Every structure is written in C-alpha cells, then in structure tokens.
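Participant: Sending over a structure as structure tokens; questions will come in a sec.
The numbers here are math on the coordinates, done by the rules we state, and not lab data. Quantities reported herein were computed from a predicted structural model and do not represent experimental measurements. Heads up, the Cβs are rebuilt from the backbone with ideal geometry, glycines too, and the neighbour counts pull from every protein chain shown.
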Amino acid sequence: MTWQPVVTPLFHRRKKKASSPLQEAIDGAVRAILADPMIAEPKVGALKGVRVYKFTYQRLEYLVAYRLETRKRLIQLLAVGPHENFYRNLQR
C-alpha cells in the first residue's frame, strides 16, 4: 500500500504563488517524500511530529514541512517555502 498525499490550504496557496519551474521542483520534493516518508528528520519542541525536507532551487534552500499519519498511510503536506522565517511561520 502506498502513501497518499493530503495538501493543506497553506501548502496549496504557497505552491500556487510559486513560479512554474519552482512548482516543478516542489513536485520533485513531494515525489521524494512519497518514495521515502522517513527521508527527513523529525522536529522536536513546538514542532513535534513535523518533519521537514530540504531541497535547493536556484541556490536557495527551500523546505517542505509534512506530518505522517501512519495508520491511514497519509502524508499531510503542511507548508513549503524558503528557509527564511519558515519555522516561525510554521509554528503559527
């Protein structure tokens, strides 16, 4: 049984506002996450239960935050964006 992605409104909005080549890079990152959901390290503290996958696009580091629901085999895609203020905005 494969993992199914679930997109949150925040993730959808941020991806929609991105340029077309960046959207393709985000899709590649999501494919990597779906292939191996344990690819990213889990966060601790206020973001416990969240994993963040990092990738580079035009020499900038971008992050994809997601949460796993192992019983239902769902990957909830929470947010995507550049590293600057990413964790602060994600906590909100």
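Participant: Please pick out the residue among 39, 33, 26 that is in contact with a helix residue (DSSP H, G or I) (Cβ under 8 Å, 6 or more places away or on another chain) and without any contact (Cβ under 8 Å) to a residue 24 or more places away in the chain.
Facilitator: Among 39, 33, 26, only 39 is in contact with a helix residue (DSSP H, G or I) (Cβ under 8 Å, 6 or more places away or on another chain) and without any contact (Cβ under 8 Å) to a residue 24 or more places away in the chain.
Participant: Identify the single condition in (1) surrounded by 15 or more Cβ atoms within 10 Å (Cβ to Cβ); (2) touching a His at 6+ places or on another chain (Cβ under 8 Å) that residue 61 does not satisfy, given that it satisfies every other one.
Facilitator: Exception for residue 61: condition (1).
Participant: Let me ask something additional. Go through the chain and tell me which strands (runs of 3 or more DSSP E), entirely inside it, have 2 or more residues that are under 13 Å from the mean Cα position of the chain (by Cα) and not hydrophobic (A, V, I, L, M, F, W, C).
Facilitator: By residue number, 50-57, 60-69, 74-82.
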